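Data block below; observations after.
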Amino acid sequence: MSAEAALLAEVPLFQFLDEAERLDLAKHLDVVRFPSGAMIFNYGDPGDTIYIIRSGEVELFLKDDTGERVTFEKATHGDFFGELSFLDSGCRSVSAQVTADAELLHMDRGDLEKFLHLRPAAAMDFLQAMGRRHRQAVERLRHTASRNVNEEVEDRRTAVQKIADWIAEFSGSIPFLILHVIIFAIWIVWNQSAAEKLHFDPYPYQFLTMAVSLEAIFLSTFVLLSQNRQVAKDRVRSDIEYDVNLKAEMEIAHLHEKLDRLGEELLLRMSKAEKVSRADPAV
């Protein structure tokens, strides 16, 4: 039995294959080794390979909108990763870094098709792993920075808060001023020009003074309640603006990291090409 087939026999995902099937599949697999700390792939990289861990440990993670490292899983012997972008031909949705010297089986799309043809039930293992990681992603990344301030605050108002907001808004309007001017004018004119027996608040209008004072007390209370809500609303807005700005900064930092990595890879390839051209002038 080949070394690759022996490795397959130790991986739970392939334990139900017989020896002949493992030998056939092992012909198309490569064994790759990574030292601790090595990056296998980064978020956003093209995904055309699935990895199965023979030994060691690999951490699957990404950085959230605050720059903190969010770990989804620490894959060990028998686990596999990279299947999501591998299956849908998209970019890597997480980064993978080796945390303990790892020995991996390297499988491309053709190898996977061959394997699933040999063992169709293995598709459920892939779906189970994808479902588990999706649940973890939903749980850890369910909060986003793109929130509506009005929705965050308005939907939580009580009846008293809604009344306070309406009174505070109305008290600062032109109709409120016009209404009071009309009431005061009617009050004063009536108590000045009507017959004395019809006067209910003669000069100096003590009843009017008391009514206005009481109105000012209650009105100031409602205005303060509304202002407190506005302060809370401004705080939510500030938090959201901070999250949005931080998310934008992290996206820019991620682009810089990706460009630096691509630049390093380009320089490395150019250096290799230059060495080849020097070794063989005919190239």
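The values are calculated or read from the model by the stated rules, or taken from the named source; none is laboratory data. In this text, all values refer to a predicted model and were calculated from it rather than measured experimentally. Virtual Cβ from ideal backbone geometry, glycine too; neighbours counted across all protein chains shown.
Data overview
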{"quantity": "Residue in segment 150-164 that is surrounded by 11 or more Cβ atoms within 10 Å (Cβ to Cβ), at pLDDT 70 or above and not in a helix (DSSP H, G or I) present", "calculated": "yes"}
{"quantity": "Inter-residue pairs, beta-carbon under 8 Å, first in the same structural domain as G90 (by TED's automatic domain parsing) and on the phi > 0 side of the Ramachandran plot and in segment 44-62, second assigned to a strand (DSSP E or B) and of a type in the set (A, V, I, L, M), 6+ apart", "calculated": "G56/V98; G56/A100; G56/A102; G56/L104"}
{"quantity": "Complete set of residues in segment 186-211 that are closer than 23 Å to I167 by Cβ and either surrounded by 14 or more Cβ atoms within 10 Å (Cβ to Cβ) or not assigned by TED's automatic domain parsing to the domain that holds I163 (or both)", "calculated": "W187, L208, A211"}
{"quantity": "Qualifying positions in segment 1-56 - of a type in the set (V, I, T) and modelled with pLDDT of 70 or more", "calculated": "V31, V32, I40, T49, I50, I52, I53"}
{"quantity": "Pick from segment 227-283, criterion of a type in the set (A, V, I, L, M, F, W, C) and in contact with a strand residue (DSSP E or B) (Cβ under 9 Å, 6 or more places away or on another chain), ranking: surrounded by the fewest Cβ atoms within 10 Å (Cβ to Cβ)", "calculated": "A253"}
{"quantity": "Residue in segment 60-76 that is farther than 30 Å from K247 by Cβ, exposed (fewer than 14 other Cβ atoms within 10 Å of the Cβ), among the polar types (S, T, N, Q) and at pLDDT 80 or above present", "calculated": "no"}
{"quantity": "Near pairs, Cβ below 8 angstrom, 6+ apart or cross-chain, from segment 200-215 (hydroxyl-bearing (S, T, Y)) to any residue that is surrounded by 10 or more Cβ atoms within 10 Å (Cβ to Cβ)", "calculated": "Y203/N191; Y203/Q192; Y205/W187; Y205/I188; Y205/N191"}
{"quantity": "Any chance A145 is under 23 Å from the mean Cα position of the chain (by Cα), farther than 30 Å from F80 by Cα, among the small types (G, A, S) and at pLDDT below 80", "calculated": "yes"}
